[in-house]
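Here the structure comes first, spelled out in structure tokens, and everything after it is commentary.
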Amino acid sequence: MNRSFSIVVRSLTPMAFRSSLVLSLLTFGCAMWSIEAIVAPIATEAYTSRIEVTLDRGSSETYESLVRRAELVARTAAQRGFDRDLLASEMSIVIVGRNGGMAAPVVTLWVTRSQWQSLPDARRWATYYRNSAGLLGF
């Protein structure tokens, strides 16, 4: 049994070759983009969360007890801030003391998330303002 096979060789014209090349490149590019979009994580932007809290002086409260109360408030604000906002990479918390009509910063807490996770101690990351005692009339 003899069968004859004929092979048809089709020559591509330059225009057909270019359009098939462009179509191949577009298909490959779209496939690569789709894979990257599926596999790559979504880019997020970390930021600093800023919180300001005002504490009124209690009757017969000393400046030292106001500072201790400010430390507790700063610690709580930092912990809640990091728990509530997962994109926040840093916390900046300013505790302002108020005595009568006068107000001044008492404690500022500035801490990154990694610092806070390794050592969640407000005293370690706090800045204290010694002159605030005089400004507040203590």
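Summary of computed values
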| quantity | calculated |
| --- | --- |
| Tally, over the range 70-90, of residues that are under 14 Å from Arg124 (Cα atoms) and within 22 Å of the chain's Cα centre (by Cα) | 3 |
| Which listed residue, of Val107, Val111, is farther than 20 Å from Ala46 by Cβ and without any contact (Cβ under 8 Å) to a residue 60 or more places away in the chain | Val107 |
| Any strands (runs of 3 or more DSSP E) falling wholly within the range 50-138 and containing at least 3 residues that are basic (Lys, Arg) and surrounded by 12 or more Cβ atoms within 10 Å (Cβ to Cβ) | none |
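No value in this document is a laboratory result; all are computed from the given coordinates. What you see is a predicted model; the values in this text were computed from it and never measured. Heads up, the Cβs are rebuilt from the backbone with ideal geometry, glycines too, and the neighbour counts pull from every protein chain shown.
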